[in-house]
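Below is one structure; the comments refer to it alone.
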Amino acid sequence: MGGLEVSTSRHERFVVLSLEGDLDDSTVQEAEARILAIVAAGPAPMHIVMDLTKIGFLTSTGVNLLATANFTVRSSRGSVRLVVAEGSPPRRVLEFTGVIRAIATYDSLEQALQPSVRRGPKSPT
């Protein structure tokens, strides 16, 4: 498995975490530490956008981290939004596990940064 790089930036009320690499057993502790540090240092309520468009590999450990981060942030009246490209392997994992129904998910960072726009999975036609 590869490594993981996490960078942060601010866009108005959102803290954007851009993750690049693999989110798996070998990298999840690093990602968790970064997310918890941001949540602890930030003002409440915290609004986080996690850009996963450069994640190549996502395991169940990574999915659990996303769900835990969502629970932690929402418990302090904040929000979490995910950016995951349509049809990508990480998107398929999130769809399969059902996490995509619990966390607002967007195809692009630009969409995720829009105020009060929730994007979930597409309805079957």
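So which of Ala112, Ala102, Ala69, Ala85 is among the small types (Gly, Ala, Ser) and touching a Ser or Thr at 6+ places or on another chain (Cβ under 6 Å)?
None of the others qualify; the one that does is Ala85.
When you go through (1) crowded, with 21+ Cβ neighbours inside 10 Å; (2) modelled with pLDDT under 95; (3) basic (Lys, Arg) one by one for Arg81, which number turns out not to apply?
Against the list (1) crowded, with 21+ Cβ neighbours inside 10 Å; (2) modelled with pLDDT under 95; (3) basic (Lys, Arg), Arg81 comes up short only on (2).
It is to be established whether one or more residues within the range 75-84 are out of contact with any Asp or Glu (no Cβ under 8 Å at 6 or more places or on another chain) and part of a helix (DSSP H, G or I).
There is at least one residue in the range 75-84 that is out of contact with any Asp or Glu (no Cβ under 8 Å at 6 or more places or on another chain) and part of a helix (DSSP H, G or I).
Enumerate the pairs (first residue in the range 1-23 and free of Cβ contacts under 8 Å to residues at least 60 places away in the same chain and hydroxyl-bearing (Ser, Thr, Tyr); second residue anywhere and surrounded by fewer than 17 Cβ atoms within 10 Å (Cβ to Cβ) and not in a strand (DSSP E or B)) with beta-carbon separation below 8 Å, excluding pairs fewer than 6 apart on the same chain, so at least 6 apart or on different chains.
From residues that are free of Cβ contacts under 8 Å to residues at least 60 places away in the same chain and hydroxyl-bearing (Ser, Thr, Tyr), the pairs are Thr8/Arg34.
So which residues in the range 24-54 are touching a Leu at 6+ places or on another chain (Cβ under 7 Å) and without any contact (Cβ under 8 Å) to a residue 24 or more places away in the chain?
Matches in the range 24-54: none.
From the set of residues in the range 4-31 that are among the small types (Gly, Ala, Ser) and either in contact with an Asp or Glu (Cβ under 7 Å, 6 or more places away or on another chain) or outside any strand (DSSP E or B) (or both), which is surrounded by the fewest Cβ atoms within 10 Å (Cβ to Cβ)?
Ser26
Being surrounded by 12 or more Cβ atoms within 10 Å (Cβ to Cβ), basic (Lys, Arg) and over 20 Å from Asp24 (Cα atoms): is that true of Arg74 here?
yes
Need pairs with beta-carbon distance below 6 Å; first residue within 11 Å of Ser60 (Cα to Cα) and within the range 87-98, second at pLDDT 95 or above and surrounded by fewer than 14 Cβ atoms within 10 Å (Cβ to Cβ); sequence gap 6+ or separate chains.
none
Is the range 32-54 home to any residue that is touching a helix residue (DSSP H, G or I) at 6+ places or on another chain (Cβ under 7 Å), hydrophobic (A, V, I, L, M, F, W, C), surrounded by 16 or more Cβ atoms within 10 Å (Cβ to Cβ) and farther than 17 Å from His11 by Cα?
Within the range 32-54, none of the residues are touching a helix residue (DSSP H, G or I) at 6+ places or on another chain (Cβ under 7 Å), hydrophobic (A, V, I, L, M, F, W, C), surrounded by 16 or more Cβ atoms within 10 Å (Cβ to Cβ) and farther than 17 Å from His11 by Cα.
The values are calculated or read from the model by the stated rules, or taken from the named source; none is laboratory data. It should be emphasised that the depicted structure is a prediction, and the values quoted were computed from it without experimental measurement. We place every Cβ from the backbone using ideal geometry, glycine too, and count neighbours over all the protein chains shown.
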